[in-house]
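The values are calculated or read from the model by the stated rules, or taken from the named source; none is laboratory data. Just so you know, these numbers come straight off a predicted model, no measurement behind them. Note that we place each Cβ from the backbone using ideal geometry, even for glycine, and neighbour counts take in every protein chain shown. What goes into the accessible areas is simple: the full protein's heavy atoms, side chains included, and nothing from ligands, DNA or RNA. Shrake-Rupley method; radii C 1.70, N 1.55, O 1.52, S 1.80 Å.
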Amino acid sequence: MSAARPPEGAHTAAEGEGSPASAARPPEGAAASALACRSVAWLALPGAGYLMLVFALPLAVLLASSFHAPGGALSLAGYARFFSDGYNATVVWNTLKIAVLVTSVCLLIGYPVAFAMARARPAVQALMFLALILPLSVGVIVKSFAWTILLRSNGLVNSTSMALGLADEPVKLLFNERGLVIAAVHVFLPFMVLPIFTVARQIDSCLKEAAATLGATPWYAFARVTGPLSLPGVVAGCAFVFSMAVSMYVIPALLIGDRYQTLPALVARAYLFMRDRQAGSTLAVVLLLIAVAIVVGSTLLTRHLQAKTSTSSTTTTAAGAAR
């Protein structure tokens, strides 16, 4: 009887190595990975459903409205009117120009601030974070009204400039592009600083010292080491600020009024005053396409820069190992 009994472990070995059932069974690691993916999918379901309801569905209705004439028939008249009117080209230019100006000023101010935060001691870094984040708790309307008070002829900015001898008479800062850029930069600056800070804190400070020991000047080290490594944060910050600046409505309405028309102002006028749903939805679709193009382009550029940086780091490491 004992000779007919298979040895211990033979049954398990047969099932584990050579049996058809074990060949069809997925590996344990793949099964665990599939289970984890299903769990993550269930966790993302409420958020995805919420986005579909409050974001994707209104966008679909907006897009459909741009193709519906007032009588209900499908028509491209809204887009034909938009692209045939030369005034709309001026409005698009105004919108892009003010967005580029705001993004550029935010980058000039935010880039050194982000590196200062990344290199600061923890206590100083916490204070800088507080100074950066705390204004976000104040609404955009309140900030815009505050800037109308500060930038008026007898406001704090002009009074200080004249007291310091920087100006002989009050400088007009309201109802022009200068005041609009100043207020918009104040509102959107944190969205430029935070992405650059996130990237800057991951850059090893020893790289700059290593470049200096090899004879690189500070400017050369910045141009070849620090600058390229920080580009993903710069691209992300520019995408955030530009997409918000190109669609801002409250700040231009309060700081510059109707004399400076932008696409968001035309959208509001078409819906609120003209009651032209097709014109308003057409303008909104054009504005949305501009913002989506910027976000998609920046995403592709960020991936390209990250891949290039990773390849450069791998090459440098391999060269160092070869030495």
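The table below lists the values:
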{"quantity": "Computed E for A268/M52 - FRET, C-beta separation, R0 25 angstrom, nearest 0.05", "calculated": "0.45"}
{"quantity": "Reachable lysines, given that their alpha-carbon falls under 26 Å from the alpha-carbon of K208 and they are not under 8 places away in the same chain", "calculated": "K308"}
{"quantity": "Gyration tensor (alpha-carbon) shape descriptor, segment 167-314, a/c threshold 1.5", "calculated": "oblate"}
{"quantity": "1.4 Å probe accessible area per residue over the chain, in Å²", "calculated": "63 Å²"}
{"quantity": "Nonlocal amide H pairs with H68, under 5 Å, H built at 1.01 Å", "calculated": "S75"}
{"quantity": "Centre separation in Å (Cα based) which lies between segment 160-232 and segment 84-108", "calculated": "21 Å"}
{"quantity": "Sites L164 and A131 - FRET efficiency at Förster radius 30 Å, r taken between beta-carbons, to 0.05", "calculated": "0.80"}
{"quantity": "Shape call, the chain: gyration tensor on alpha carbons, a/c limit 1.5", "calculated": "oblate"}
{"quantity": "Computed label-point distance, nm, for sites A31 and A293 using a 7 Å Cα→Cβ extension", "calculated": "5.2 nm"}
{"quantity": "S75 paired with A307, simple spin-label distance in nm, labels 7 Å along Cα-to-beta-carbon", "calculated": "4.6 nm"}
{"quantity": "Mean ellipticity per residue at 222 nm, deg cm²/dmol - from DSSP H runs of n ≥ 4 across the chain, formula -39500 (n - 2.57)", "calculated": "-23500 deg cm²/dmol"}
{"quantity": "Anisotropy class of segment 250-290 from Cα gyration tensor, a/c 1.5 cut", "calculated": "oblate"}
{"quantity": "Carbon plus sulfur fraction of accessible area for segment 29-77, probe 1.4 Å, in percent", "calculated": "83 percent"}
